[in-house]
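*Asks:* Here it is, the structure, as structure tokens.
The values are calculated or read from the model by the stated rules, or taken from the named source; none is laboratory data. Since this is a predicted model, take the numbers as computed values, not measurements. With ideal geometry, Cβ positions are generated from the backbone for all residues, glycine too; neighbour counts draw on all protein chains shown.
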Amino acid sequence: MSSSEHGFQHPVPSEITPRSVYEGRRHWLRQMAAGALGPALASWAARDALAQDKLAALPATRSTVPGAQVMDKPTARADATSYNNFYEFGTDKADPARNAHTLKTRPWTLAVEGAVKKPKVFDLDELLRLSPMEERIYRLRCVEGWSMVIPWVGWSLAELIKRVEPTGNAKYVEFVTLADPKTMPYVGSRVLEWPYVEGLRLDEAIHPLTLLAFGMYGEVLPNQNGAPVRLVVPWKYGFKSAKSIVKIRFVEQQPRTAWVKAAPQEYGFYSNVNPKVDHPRWSQATERRIGEDSLFAKKRPTLMFNGYEPQVGQLYAGLDLSKHF
Ligand code: MTE
């Protein structure tokens, strides 16, 4: 991703660390933590990254929401938790797993406010009990050209929305994430404007596929994946799925999101996955599925709305998707 206006160049797909390199790095971290290279070398950071591997179970039942169970093989958990974008913790794919152990996920509150009849500050424990947890297997397509398949645990954001009763002025929903310079080393850097803000139209936010996620792979979310609560919008590029959310605001005007502020010509408000609308600097027609990306693996064709067209296509009837990218 790029926000060159801010003097920072994000990697383009061709510059992303080759998999063999970061896998090697991970192996090295494991060895270090295991003491194989001598206890003196075992850093706390490496140990904490491994401690993150042991997380509380978050039981869930299989979701029956149409489209919530893709048949593609899920990405290995080790890949989904070590190849991340979470710029508050660094810009390298390995940084979040290495650095996010400092994130304090309890106590945690989520303030829901703005154009609603019943604004409320929810405590995390209250959210965990608000609606039955469902497991949903979604494709996640990053704007950079790679994708994963992740079994998330959570419930439809609509469950929360109906409890706060949006008013007629609620046209959009803004998601504000934690920006704590004490625990997030890159908050304060010029990579993006902080806090990381995302947004959806109200009808997108109440679509049953829009998930408020608390876990993945049957456990609570690892910090690097956006603990303790994040959004997952499977038909949009991954950056719409804001991590570590602290506030949800119902507003009348389209929110100014972090990526639109950083590079409006490259990242639009909608950011629906669309193989026919290229990024100004690369094609979006194909993708690299993490875990399949050996030198000889074929790229996969990217699907319209990431394959969720039957469920969400109607939301965009009549909208020029090349203008509203
Ligand atoms: N949320 C916050 N707060 N900060 C971020 O940098 N990165 C986004 C999104 N949510 C990001 C974020 C991007 S670019 C992607 S692709 C997904 O998180 C990655 O989610 P994953 O690491 O769980 O795969």
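*Asks:* For L200, which of the numbered conditions (1) away from the ligand (no atom under 16 Å from the Cβ); (2) under 17 Å from the mean Cα position of the chain (by Cα); (3) not aromatic (F, W, Y) fails to hold?
*Replies:* Single failed check for L200: (1).
*Asks:* Oh, and also: From the list V143, V173, which residue is of a type in the set (V, I, T), in a strand (DSSP E or B), crowded, with 21+ Cβ neighbours inside 10 Å and within 16 Å of the ligand (Cβ to nearest atom)? If you could, list the steps in order and put the result at the bottom.
*Replies:* Numbers: V143 fails: in a strand (DSSP E or B).
Every option except V173 fails the conditions.
*Asks:* Test of understanding: among K276, K261, K298, K236, which residue is out of contact with any Phe, Trp or Tyr (no Cβ under 9 Å at 6 or more places or on another chain) and under 20 Å from T177 (Cβ atoms)?
*Replies:* Working: K276 fails: under 20 Å from T177 (Cβ atoms); K298 fails: under 20 Å from T177 (Cβ atoms); K236 fails: out of contact with any Phe, Trp or Tyr (no Cβ under 9 Å at 6 or more places or on another chain).
None of the others qualify; the one that does is K261.
*Asks:* Assuming L192 fulfils every condition listed in (1) surrounded by 20 or more Cβ atoms within 10 Å (Cβ to Cβ); (2) modelled with pLDDT under 95; (3) not acidic (D, E) apart from one, which condition is it?
*Replies:* Of the numbered conditions (1) surrounded by 20 or more Cβ atoms within 10 Å (Cβ to Cβ); (2) modelled with pLDDT under 95; (3) not acidic (D, E), the odd one out for L192 is (2).
*Asks:* Here's something else I'd like to know. Counting only residues that are buried (at least 22 other Cβ atoms within 10 Å of the Cβ) and basic (K, R), which one in segment 229-279 is farthest from the ligand (Cβ to nearest atom)?
*Replies:* Checking each candidate, the answer is K236.
*Asks:* Now for a separate question. For the subset of segment 219-228 comprising residues that are part of a loop (DSSP other than H, G, I, E, B) and within 11 Å of the ligand (Cβ to nearest atom), which member is surrounded by the most Cβ atoms within 10 Å (Cβ to Cβ)? Explain how you work it out, then say what you get.
*Replies:* The initial filter retains those residues of segment 219-228 that are part of a loop (DSSP other than H, G, I, E, B), namely 221-222, 226-228.
From what is left, the residues that are within 11 Å of the ligand (Cβ to nearest atom) are 221-222, 226-227.
Details: L221: 25, P222: 25, G226: 27, A227: 25.
Across segment 219-228, the extreme among qualifying residues is G226.
*Asks:* Which one of these is in contact with an Asp or Glu (Cβ under 6 Å, 6 or more places away or on another chain), assigned to a strand (DSSP E or B), more than 24 Å from L124 (Cβ to Cβ) and within 16 Å of the ligand (Cβ to nearest atom): V149, V153? Explain how you work it out, then say what you get.
*Replies:* Numbers: V153 fails: more than 24 Å from L124 (Cβ to Cβ).
Among V149, V153, only V149 is in contact with an Asp or Glu (Cβ under 6 Å, 6 or more places away or on another chain), assigned to a strand (DSSP E or B), more than 24 Å from L124 (Cβ to Cβ) and within 16 Å of the ligand (Cβ to nearest atom).
*Asks:* Okay, moving on. Among the residues of segment 247-287, write down those that are among the charged types (D, E, K, R), assigned to a loop (DSSP other than H, G, I, E, B) and in contact (Cβ under 8 Å) with a residue 60 or more places away in the chain. Steps first, please.
*Replies:* If we filter segment 247-287 for residues that are among the charged types (D, E, K, R), which is where we start, we get 247, 249, 252, 256, 261, 266, 276, 278, 281, 287.
Narrowing further to those that are assigned to a loop (DSSP other than H, G, I, E, B): 252, 256, 266, 276, 278, 281.
Those that are among the charged types (D, E, K, R), assigned to a loop (DSSP other than H, G, I, E, B) and in contact (Cβ under 8 Å) with a residue 60 or more places away in the chain: E252, E266, R281.
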